[in-house]
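For reference, the structure discussed in these notes is given below.
The values are calculated or read from the model by the stated rules, or taken from the named source; none is laboratory data. Note that the structure is a prediction, hence the values are computed from the model and not measured. Here the Cβ positions follow ideal geometry from the backbone for every residue, glycine too, while neighbour counts run over all protein chains shown.
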Ligand code: 2AM
Ligand code: CA
C-alpha cells in the first residue's frame, strides 16, 4: 500500500469523524474525569477513538494504533506502521467553548513521521503534511517560516508553567515571558503547534505533553522548517510524556539555551 493511499484514507476518516463530532452537539454528552478533576473526557472522545480504530483495522489489520483514550493496543515499540491519535485535543474547550479543539493524527513508519493531520473541527480546516512534500491547509500550501528575533516573537505558553508548579522551576519561564513580544494560550496543543507552522505564533512550549498531543503536529511543523524537541533539545520520544517545544528555527535554540542556563543558575 502506498503512502498516497494511506493519506486519502486518513483524510476521509478524519472528515467523517469531524462530521460525527459536529452532529453530537445535539446529544447529551457523558462527561467524566480521568487522572485529576480537570482532566476531562466525554463519551465523544471515546467513541471517536473507537471509530478510528475500527476503520483503520479494517483498512489494514497490521497497522498499530496508539490513542489517548487507550482503546488501541498497548504499544512498547514504534516499529512498523503506527497511527498516533488524539480523537479530541482540547477536550475542555470542546465541552465549554464548543470550538478550539481538534482531531489530530500522526502516521509513523518505523518511528519516522510520514503523515500528520490536525483537523480544526468547527472551522472545517484540515491541516496536513506528507513528509518531504510540504504542508497544507485545505489543499493550500503553508509558507516556509520567516526569520524572527525573540523580542518580536509571540509564544504559546500556558500560565501554569509561569507559576509555581510541581513539575518544573517556573522562574526561567518568567524570564522568557519578559523577553518576548507577547504570549498566547489556546488550550489545544495541536492547534498551538499549527499556529507555529502557519507563522501566527513563533513558538509553543509545554512542560507536559503526551505523544498523541504532538505526533501529527510535528510532521506538519517539520515541513515548514519549524523545529520540535523536548526542552533539553533532545528529539521527540513518541512513547512517553515529556516537555515540548516547537519553534521557528531562528529562536528554537535561543529559548532552550536561556531556559537551561537559568535553570542551572537557580540550582
Ligand atoms: P487534551 O485536551 O487532549 O487532554 C491543554 O493545555 C493541552 O494540553 C491540550 O492539548 C490537552 O490535551 C493537553 N493536556 C492536558 N492535560 C494533559 C496531561 N495530563 N498530559 C498530557 N497532555 C495534557
Ligand atoms: Ca484528547
Study note, to complete from the structure: Residue hits (the stretch 92-106; within 15 Å of residue 28 (Cα to Cα) and either under 9 Å from the mean Cα position of the chain (by Cα) or near ligand 2 (Cβ under 10 Å from one of its atoms) (or both)) are 94
Study note, to complete from the structure: By residue number, the members of the stretch 45-77 that are within 16 Å of ligand 2 (Cβ to nearest atom), surrounded by 13 or more Cβ atoms within 10 Å (Cβ to Cβ) and assigned to a loop (DSSP other than H, G, I, E, B) are 68, 69, 71, 72
Review point. Does residue 122 fit the bill of being in the same structural domain as residue 24 (by TED's automatic domain parsing), assigned to a loop (DSSP other than H, G, I, E, B) and surrounded by 15 or more Cβ atoms within 10 Å (Cβ to Cβ)?
Key: yes
Review point. On the given criteria, is residue 211 out of contact with any strand residue (DSSP E or B) (no Cβ under 6 Å at 6 or more places or on another chain) and not assigned by TED's automatic domain parsing to the domain that holds residue 16?
Key: no
Exercise for review: Answer yes or no: is there a residue in the stretch 170-181 that is in a loop (DSSP other than H, G, I, E, B), outside the structural domain of residue 105 (by TED's automatic domain parsing) and modelled with pLDDT of 95 or more.
Suggested key: yes
Review point. If you take the residues in the stretch 178-196 that are closer than 11 Å to residue 154 by Cα and within 22 Å of the chain's Cα centre (by Cα), which one is surrounded by the fewest Cβ atoms within 10 Å (Cβ to Cβ)?
Key: 182
